[in-house]
1. Evaluate segment 75-90: report whether one residue or more is modelled with pLDDT of 95 or more, part of a strand (DSSP E or B), open to solvent by 20 Å² or more (accessible area, probe 1.4 Å) and closer than 18 Å to residue 174 by Cα.
2. Of the residues that make up segment 121-129, is at least one within 28 Å of residue 161 (Cα to Cα) and touching a residue at least 40 places away in the same chain (Cβ under 8 Å)?
3. Mind telling me which of the residues 23, 45 ends up being more than 27 Å from residue 166 (Cβ to Cβ) and not hydroxyl-bearing (Ser, Thr, Tyr)?
4. Collect the residues in segment 126-157 that are open to solvent by 80 Å² or more (accessible area, probe 1.4 Å) and either more than 27 Å from residue 170 (Cβ to Cβ) or of a type in the set (Phe, Trp, Tyr) (or both), keeping them in residue-number order.
5. Please give the number of the condition residue 72 fails out of (1) farther than 22 Å from residue 160 by Cβ; (2) loosely packed, with under 13 Cβ neighbours inside 10 Å.
6. Within segment 34-50, which residues are closer than 14 Å to residue 88 by Cβ and over 19 Å from the mean Cα position of the chain (by Cα)?
7. Would you say residue 67 is in contact (Cβ under 8 Å) with a residue 24 or more places away in the chain, buried (at least 20 other Cβ atoms within 10 Å of the Cβ), farther than 15 Å from residue 179 by Cβ and of a type in the set (Phe, Trp, Tyr)?
8. If I ask for residues that are under 20 Å from residue 100 (Cα atoms), outside any loop (DSSP other than H, G, I, E, B), in contact (Cβ under 8 Å) with a residue 40 or more places away in the chain and open to solvent by less than 10 Å² (accessible area, probe 1.4 Å), which ones from segment 15-60 would you list?
Amino acid sequence: MLVEGTSDRVALETLAERRGRDLEAEGVSVVAIGGAQAVRRFVDLYGPRGQNLKLAGLCDAGEEREFRRALERAGLATDLDRTGMEALGFYVCDADLEDELIRALGADAVEHVVEEHGDLRPFRTLQKQPEWRGRPVEQQLRRFFGSGGSRKVRYGKLLVEALDLAQVPRPLDHVLRHVES
């Protein structure tokens, strides 16, 4: 599975583990490619023109075009739309992984996770900043996770651990189902 970053990799690995799956034993690797601009290189390396492995992936809505173009250039399809990408095993998060997880859990539950892990005070500080005052709490949470070092990676895992497994965001659920043995 090709994913944009480490937080996506950690979230998918955590979800697989929670579902009782051992991706390594299944021969599935989750590869953080270091951003969507690198997807073509990884599709070329692992896809039909390279190692010819079965590919799947996850990307943010803003990076959908890069992923689509890489899949088309690799000869996997032409004139791809989102449905065509999904048929190939590539799923798009609206707007990104953090947004999907915040919507699945609800802002109150996410704030509770933030509080449990000692980050409520820094989150409240962000909320007081003029550019973030008055914005929806979901936007504030996304910004909070995107700032401050490894917060995205840490909360990718923590939010997936907090998920009700019946409420897993569609892109995460489907990409893992796509790679079931």
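The values are calculated or read from the model by the stated rules, or taken from the named source; none is laboratory data. Keep in mind the model is a prediction, meaning the values are calculated, not measured. Cβ atoms come from the backbone with ideal geometry, glycine included; neighbour counts cover every protein chain shown. Protein only, heavy atoms only, side chains kept; ligands, DNA and RNA dropped before computing areas. Shrake-Rupley method; radii C 1.70, N 1.55, O 1.52, S 1.80 Å.
1. Scanning segment 75-90 turns up no residue that is modelled with pLDDT of 95 or more, part of a strand (DSSP E or B), open to solvent by 20 Å² or more (accessible area, probe 1.4 Å) and closer than 18 Å to residue 174 by Cα.
2. Among the residues of segment 121-129, not one is within 28 Å of residue 161 (Cα to Cα) and touching a residue at least 40 places away in the same chain (Cβ under 8 Å), which makes the answer no.
3. 45
4. 128, 130, 131, 133, 134, 149
5. The single condition residue 72 does not satisfy is (2).
6. Answer for segment 34-50, where residues must be closer than 14 Å to residue 88 by Cβ and over 19 Å from the mean Cα position of the chain (by Cα): 46, 47, 48.
7. Here the answer is yes, as residue 67 does meet what is asked.
8. Matches in segment 15-60: 15, 16, 57, 58, 59.
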